[in-house]
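Step one of this worksheet: look at the structure below.
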Amino acid sequence: MIALSAHKINKSYGTTQALTNLSLEVEKGEIYGIIGPDGAGKTTLFRILTTLLLADSGTATINGLDVVKDYKQIRQVIGYMPGRFSLYQDLTVEENLHFFATVFHTTIEENYHLIEDIYKQIEPFKTRRTAKLSGGMKQKLALSCALIHKPTVLFLDVPTTGVDPVSRKEFWEMLMKLKVEGITIIVSTPYMDEATRCDRIALILDGQFLKVDTPKNIIADYPYTLWSVQASRMHRLLRDLADSPFIRSSFSFGETFHVTLNHQATPGQLREFLMERSYSDIAIQEIQPTVEDCFMLLSKRQA
Amino acid sequence: MMILLAMPVIQILLFGFAITTEVKDVRVALFDPSKDTSTQLIKERIRSSEYFIIAEELTSIDQINDLFKYGKINLMIVFSENFAENLLHRGEAKVQLIADGTDPNQASLLTGYASGILNSYQQELMEQYRIPFQIVPEIKMLYNPQLKSAYNFVPGVMGLILMLICAMMTSIAIVREKETGTMEILLSSPIKPISIILAKVVPYFTLSMVNLITILLLSVFVLDVPVAGSLFWLTVVSLLFILVALALGIFISTMVNTQMAAMLASGMGLMLPTMLLSGMIFPIESMPLLLQWFSAMVPARWYIAIVKKIMIQGVEVQFVTKELVVIIAMAAALIMLALRKFKIRLN
C-alpha cells in the first residue's frame with residue numbers, strides 16, 4: 001500500500017529553484033530516507049508534504065488525501081518534527097508534551113506505549129524547562145511530541161543534527177520500533193552513515209533526486225573498485241593525487257582518501273607514483289563503497 | 001532601513017509644517033441679539049482673523065448645548081443685548097466667551113485670541129471718541145471650569161494604552177510563534193486557526209480590560225476626573241475599540257515575520273499616528289486637509305472623541321452616533337480582514 005506519493009513537484013523561491021520535478025512514492029510502514037547536504041531542498045519538500053507550503057506545480061497525496069485540498073484531514077494523521085527545535089522553550093518537558101497532546105485532541109496516557117521507551121529517558125527531567133535540555137534530550141522530547149497522537153505518517157526533518165553519537169543510535173533504534181508499529185517514517189538527514197538504516201533512500205542534490213533505491217542496491221551499483229589511500233604528508237597528498245595521471249576521482253574521507261583509478265591503472269602504479277614524490281607510510285587498500293561514495297560519484301556526474 | 005532613513009524626514013516635516021499646537025481655523029458660533037454696528041464690526045474682525053471660522057450664527061440661545069455636544073464648535077461668542085447702545089452710552093458692554101474645556105490648552109488659547117480681538121476694537125473706539133469704553137469678556141469653560149489638564153489627557157491615554165497593549169502585544173505574541181518555529185508545528189496539527197487566534201487574543205483582551213478599569217478608577221479617585229456620562233456606553237465603546245486594536249494586531253502579525261518588525265510596524269504604524277493624529281495632543285482642525293483625512297483613518301481619533309464626549313462632557317449616546325458607527329465599521333472590517341489574511345500555511 002502506498003502511504004505517500006508525490007508527482008512532479010516544483011517549487012522556487014524567487015529565482016532560486018528549490019525543487020525540480022520531484023516525484024516519490026513511499027510504502028506504508030517503510031522508513032524512507034532523504035539524504036543530501038544542507039540546502040538540497042529537504043526542508044522545502046517536507047513542508048510541501050506536511051501541507052505547510054504550496055508547491056508551484058505537481059501533486060502529492062498522503063493516505064490518498066491531497067495535500068492541498070484535504071490539508072485539514074492530513075493534519076489529523078501526520079506527525080511532523082521540524083529541523084529546527086520548535087517546542088515551547090519556556091514550558092517544561094511535561095507541559096510541552098501535555099500541550100501537544102491537547103492540540104491533537106488526545107491525552108498522554110492514550111498513546112503512552114508509543115513514546116514510553118524514549119520518554120522514559122527524559123522523564124527524570126520532566127519539570128525542567130525545555131530551553132535547559134541538552135540537544136539529544138530536546139530531540140527525544142520533540143519526537144515524543146510528534147508521536148503523541150499516533151500519526152500514521154511521521155516526518156522527521158534532520159532529527160539527529162546536533163545530537164551526540166549515543167543519542168543518535170538510540171534515536172534510530174526508536175525509529176525501528178515505530179516501524180514495527182506500522183508507522184510510515186520519512187526522515188531526512190545529511191549524515192550518510194544513517195542512510196543504511198533506512199529501507200529505501202533518495203539521494204537529493206539541488207532539488208533533484210539523484211537516485212532512489214535500497215541502500216544495498218545503491219552501494220552494489222557503485223561501478224568502480226574503490227581504494228583507500230593514506231600516506232605521510234596528508235595535506236599535500238590531495239594536490240598530488242589530483243595531478244596523478246592514474247586517478248579518476250579522489251575524495252577526502254577524514255583520515256584517508258577514497259580513490260578510484262583510471263581504466264588501466266593499477267594500485268601498484270599509484271604506489272610508485274607516490275614513492276617518486278617521496279611519500280612514506282603509503283597504504284593503499286581496496287574498500288567497500290559507502291553511501292557517501294555513491295553520493296559523491298552521482299553528484300559529480302550531475303555537475 | 002528605509003524606515004530609519006525616512007522617519008526623521010517625515011517627522012521634521014510633520015512637526016514643522018503640519019502638526020502644531022497653534023490654533024487655526026477653529027469653528028466658532030455666534031449669538032448676536034443686538035445686530036448693531038458694533039457687533040457687526042467685531043464679527044468682521046473675527047471672520048477675517050486666521051484663527052477663527054464662523055461656523056454658525058445662532059438665532060436662539062438654546063442651541064448652544066447641542067452644538068458643543070455634537071462637537072461642531074469649539075468656541076461660542078454671545079453678545080449681550082443692545083450691545084452698541086450699552087457700549088456708547090454706559091461705556092460698558094458684555095460679551096460671553098464659552099469654550100469647550102475638554103481641551104484646556106486650546107480653550108485658553110481660543111478665549112485669549114477672542115479677548116484680543118475684542119480689546120483691539122475697544123482700543124480703536126477709545127482713540128476715536130476719547131472716552132473710556134469697556135468691553136467686558138466673561139469667560140466660561142464648559143465641562144472643565146477649573147481647566148484641569150487631566151480632562152484632556154485621560155481620554156488620550158485610554159486610547160493610547162489600549163492600542164499599545166492590544167495591537168502591539170498581540171502582533172508580537174503571534175509573530176513570536178513564527179520566529180521560534182512553534183507556528184510550524186501548530187499549523188501542521190489539527191488545531192484550527194481561529195483557536196490559535198483566540199488563544200493569542202484572549203489574554204490581551206483580559207489584560208486591557210483590567211487596564212481600562214485601572215485607568216478609570218485612577219482618573220475618578222485620584223485625578224478627580226468624573227465619568228460624567230454613561231459608564232455602560234463608555235465600556236461598550238472601549239470594548240469595540242479593543243476589538244479594533246486586537247484585529248490590527250492580528251493583521252500586523254500576518255504581514256511580518258519577526259518580532260522586531262512587528263514592534264516597528266505597530267510602533268510606527270499605530271503608536272505615532274495615535275499620538276500625532278488622534279487629536280489627543282494636536283488639534284485636528286489646525287492640520288492641513290491631507291492630514292485631516294489621514295487622521296480620519298486612525299481608530300483612536302474616533303475613540304478619544306467618544307470618550308471625551310461621554311466621559312468628560314457627559315453627553316447622551318445619540319450625540320456620538322457618527323463616531324460610534326465609524327468604530328463599529330472599523331472593527332467589523334478589520335476583524336474580517338485579519339481572519340482572512342491569517343495564513344493556514346507558512347507564507
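Within the listed set A:Glu25, A:Glu94, A:Glu272, the Gaussian network model of chain A (springs between alpha-carbon atoms below 10 Å) gives the highest mean-square fluctuation for A:Glu272.
If the cut-off is a Cα-Cα distance under 17 Å, which aspartates and glutamates reach A:Lys150, setting aside same-chain residues fewer than 8 apart in sequence? Qualifying aspartates and glutamates at Cα under 17 Å: A:Glu30, A:Glu109, A:Glu110, A:Glu116, A:Asp117, A:Glu181. Would you please give the FRET efficiency between B:Asn82 and B:Ile139, computed as 1/(1 + (r/R0)^6) with r the Cβ-Cβ distance and R0 = 25 Å, to the nearest 0.05? Rounded to the nearest 0.05, the efficiency is 0.70. With the cut-off at 23 Å, report for the stretch B:148-341 the share of all Cα pairs above it, as a whole percent. Within the stretch B:148-341, distances greater than 23 Å cover 44 percent of Cα pairs. Taking other C-beta atoms within 10 Å as the exposure proxy, B:Ile12, B:Ile54, A:Ile284, B:Ile306 rank B:Ile12, B:Ile54, A:Ile284, B:Ile306 from fewest upward. Applying 1/(1 + (r/R0)^6) with R0 = 22 Å to the Cβ-Cβ distance of A:Gln17 and B:Met2, what FRET efficiency is obtained, to the nearest 0.05? That gives a FRET efficiency of 0.15. Between the stretch B:13-36 and the stretch A:265-303, the alpha-carbon centres lie 91 Å apart.
Each of A:Gly14, A:Thr43, A:Ser228 was scored by the projection of its Cα onto the charge dipole of the protein assembly as shown, and the greatest displacement toward the positive side belongs to A:Ser228; charges sit on the C-beta of Lys, Arg, Asp and Glu.
Taking a ≥ b ≥ c as the square roots of the eigenvalues of the Cα gyration tensor of the stretch B:22-142, is the shape rounded (a/c under 1.5), prolate (a/b larger than b/c) or oblate? Judged from the Cα gyration tensor, the stretch B:22-142 comes out prolate (a/c at least 1.5, a/b above b/c). Of the beta bridges in the stretch B:22-142, as assigned by DSSP with both residues counted there, near 20 percent are antiparallel. Shape class for chain B, computed from the alpha carbon gyration tensor (a ≥ b ≥ c): prolate, with a/c not under 1.5 and a/b above b/c.
In a simple Cβ point-charge model (Lys, Arg +1; Asp, Glu -1; nothing else charged), the stretch B:22-142 has a dipole of about 80 debye relative to its Cα centre. Among the listed pairs B:Lys200/B:Lys308; A:Lys169/A:Lys216; B:Lys43/B:Lys308; A:Lys179/B:Lys343, which are separated by more than 22 Å between their Cα atoms? In this structure, B:Lys200/B:Lys308; B:Lys43/B:Lys308; A:Lys179/B:Lys343 lie more than 22 Å apart at Cα. A dipole drawn for the stretch B:88-245 from +1 and -1 charges on Cβ atoms has a positive end, and of B:Thr180, B:Thr111, B:Tyr121 the residue lying farthest that way is B:Thr180. Taken about its Cα centre, the protein assembly as shown carries a charge dipole of roughly 660 debye when the Cβ of each Lys and Arg holds +1 and the Cβ of each Asp and Glu holds -1. Helix B:231-255 and the longest principal axis of the C-alpha atoms of chain B enclose an angle of approximately 50°. With a Förster radius of 22 Å applied to the C-beta separation of B:Gln123 and B:Thr21, the computed FRET efficiency comes to 0.20. By other beta-carbon atoms within 10 Å, ranking A:Cys294, A:Cys145 with the fewest at the front produces A:Cys294, A:Cys145. Take every pair of alpha-carbon atoms less than 8 Å apart whose residues are at least six positions apart; their mean separation over the length of the stretch B:22-142 yields a relative contact order of 28 percent. In the protein assembly as shown, the DSSP-assigned H stretches of four residues or longer account for a calculated mean residue ellipticity at 222 nm of -14500 deg cm²/dmol, using -39500 (n - 2.57) per stretch and the full residue count as denominator.
For GluC sites (Glu not before Pro), the sites in the stretch A:109-155 that DSSP calls loop and that have at most 16 other Cβ atoms within 10 Å are A:Glu109, A:Glu110.
Quick note: the coordinates plus some simple rules give every number you see, no bench work behind them. Quick caveat: nothing in here was measured; it's all calculated off a predicted structure. Positions of Cβ are backbone-derived with ideal geometry, glycine not excepted, and every protein chain shown enters the neighbour counts.
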